[in-house]
Amino acid sequence: MTGNYHQLTLAEVRPGMVLSDELLDVQGHVLLPQGTVLTEAMLALMPRHGIEVLPVLKDEVTPAMAAATLRHHEERIAHLFRKNDADSDSDWATATLRRFVTDFRLGVEETPEHE
């Protein structure tokens, strides 16, 4: 864990804050990697995983850092789904999984069409 962090309760954490370390669930599985810029959607899912306190960086996230993280997530999603054509409806299961992963990683809010 980095030295430039503090532990905040879930109620104190705001979207845009950055994790200072990997976030693990109660079984020790990695939920989010170190350096993740937290979104409203991510924070809403924390209680489901028994997360009450988060280690966040003390420094604010610059727009450049947020853009770099967003690019990283987009590149990672493109790599993971490189064999799937996003515009094709032939594999609906993979397309649905890709949409959910993309929405979660990029912090897209749920809309009635996603529910």
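Worth pointing out:
- Looking only at segment 1-33, and only at residues there that are within 11 Å of Ile51 (Cβ to Cβ), without any contact (Cβ under 8 Å) to a residue 40 or more places away in the chain and in a loop (DSSP other than H, G, I, E, B), the one that is least open to solvent (accessible area, probe 1.4 Å): Asp25
- Residues of segment 54-69 classified as part of a loop (DSSP other than H, G, I, E, B), more than 23 Å from Asp103 (Cβ to Cβ) and touching a strand residue (DSSP E or B) at 6+ places or on another chain (Cβ under 7 Å), total: 1
- Test for Ile51: is it in a helix (DSSP H, G or I) and either surrounded by 15 or more Cβ atoms within 10 Å (Cβ to Cβ) or touching a helix residue (DSSP H, G or I) at 6+ places or on another chain (Cβ under 6 Å) (or both): no
- Residue within segment 66-81 that is touching a Phe, Trp or Tyr at 6+ places or on another chain (Cβ under 9 Å), at pLDDT 90 or above and closer than 18 Å to Gly107 by Cα present: no
- When residues in segment 67-89 are screened for being under 18 Å from Pro33 (Cα atoms) and either in the same structural domain as Glu12 (by the TED database) or open to solvent by 100 Å² or more (accessible area, probe 1.4 Å) (or both), 4 of them pass.
The values are calculated or read from the model by the stated rules, or taken from the named source; none is laboratory data. These figures come from a predicted structure and were not determined experimentally. Ideal geometry is used to build each Cβ from the backbone, glycine not excepted, and the neighbour counts take in all protein chains shown. The area values use the complete protein model at the heavy-atom level, side chains included, leaving out ligands, DNA and RNA. Shrake-Rupley method; radii C 1.70, N 1.55, O 1.52, S 1.80 Å.
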